[in-house]
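Just below is one structure, and these are the notes that go with it.
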Amino acid sequence: MKSRPTRTAAALAAVTLSMSLAGCVESGRSSTTSAPDTDCPWKPDESVTTEARIAWQAVPNGDAVVKDLGLLEACMPNADISWVQAAAGGDVVKYYGSDDVDLGLMGSAPATIASSEPVVEDVDLSVVWIHDVIGDAESLIVKDPTITDISGLKGKKVAVPFSSTAHYSLLQALADAGMDATRDVEVINLEPEKMPGAWQGDQIDAAWVWDPVQSQLLEDGGERILSSADTAEAGRPTFDVGTASQEFAEGNPEFMTQWTKAQDYAVRMIKDDPAAAAESVAVVLGIDPADAEKQFGGLTFLTAEEQAGPDYLGGQLTEDLFTTAGFLLEQGEIEAVGTESDYADHVDPGPAKAAANG
């Protein structure tokens, strides 16, 4: 059994990561300050008194908008809401296992791992939202410009956060190229915020990572040779998903409705007013708003109505998780694959349907 972080460890990790990403943006706000005078876009639900601990990651999507604008706090003024930062989805799974969080953003690969038997970290969660469909926002970046395809990385050191969607995409790309991830390359488990230092110190030759670190490596002379858009075309799409403890979701339906409405509001802001959404993302991630808006282009954002339908939470996502599990089993990342209905038990379109219906 892997060691589990205590509440103190999780809190310390959140503070450390927040400090590492803190920075000023053009608006004059920083990643440690909130948007002023946020009002709930609909009638607040004062009846919700839930305590909710939410794991978030530095990803340029609607979750960052919700956090910066304080939408949950404005729309549920009597709820007790706290945010815990995580470096990658594997950390979010561990936080669930140590009962540090009730909801959290993670990639579809760690969500699949957490939904497969035997359940890791004593986690029982459901996917309740799709924050984004990952495209060019998550890519394989190489230092040597003469390397133009993944086969050129033979014998090289490739960094990736283990148990993440990036790790899944890297393993798939290596397998598709006929390469062995344990022999042909040295795959190094590295958190995104540590990659720029390792890159500049010539400790790694490549990295599969998401924005904003991906953009930092590109600006530092890196070249993109593959992205998660390519792996999606090969039949293995990846997502950033919103998850919730099944016990929490079942016991707090009013909170889940408000949470999903806030996420849907943020998605519509990204679609309709990307500049305003980018300012919020920039504050949370500590980057420039123009860079944040540019990074939206590497992701596809879905409204609650789209998500609740058969192409996503209403059906297809279950099949995608099942397919992901099969590949992860081949790679030795999980011990067994359940039935497709087992993965359906870990996908809940209910909150998205409630938000879509107003």
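The values are calculated or read from the model by the stated rules, or taken from the named source; none is laboratory data. The structure presented is a predicted model; accordingly, all values stated were derived computationally and were not measured. Reconstructed Cβ throughout: ideal geometry from the backbone, glycine too, with neighbour counts over all protein chains shown. Accessible surface is based on the protein model in full, side chains and every heavy atom, while ligands, DNA and RNA are left aside. Shrake-Rupley method; radii C 1.70, N 1.55, O 1.52, S 1.80 Å.
Tabulated results
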quantity	calculated
R183-E305 FRET efficiency (beta carbon distance; Förster radius 41 Å; 0.05 resolution)	0.30
Links that overshoot a 18 Å alpha carbon limit, given the list K143/K194; K43/K261; K67/K261; K157/K194; K154/K194	K154/K194
Segment D288-Q203, length gained on full extension (0.36 nm per residue, minus Cα span)	27.9 nm
Rounded FRET efficiency, nearest 0.05, which uses the C-beta distance separating S82 from S151 and R0 of 41 Å	0.35
Calculated FRET value between F162 and R224, using beta carbons and R₀ = 25 Å, to 0.05	0.70
Of all DSSP beta bridges in the chain, antiparallel share, percent nearest 5	60
Where N is the number of residues in segment 75-115, Cα Rg divided by 2.2 N^0.38 Å	1.29
Apportionment of accessible area to carbon and sulfur, the chain, percent (1.4 Å)	46
For segment 287-358 and segment 193-257, distance of Cα centres in Å	14
Mean separation of Cα contacts under 8 Å (6+ apart) over length of the chain, as relative contact order %	25
Heavy-atom accessible area per residue - the chain, 1.4 Å, Å²	41
Calculated SAXS-style log₁₀ I(q)/I(0) at q = 0.06, 0.14 Å⁻¹ - the chain, Debye, Cα scatterers	-0.20, -1.16
Whole-number D in µm²/s for segment 43-193 (Stokes-Einstein; Kirkwood sum over Cα pairs; 10 °C, 1.306 mPa s)	91
Cα-Cα P(r), segment 169-264, percent of pairs per 5 Å interval	2, 10, 16, 16, 15, 12, 10, 9, 7, 3, 0
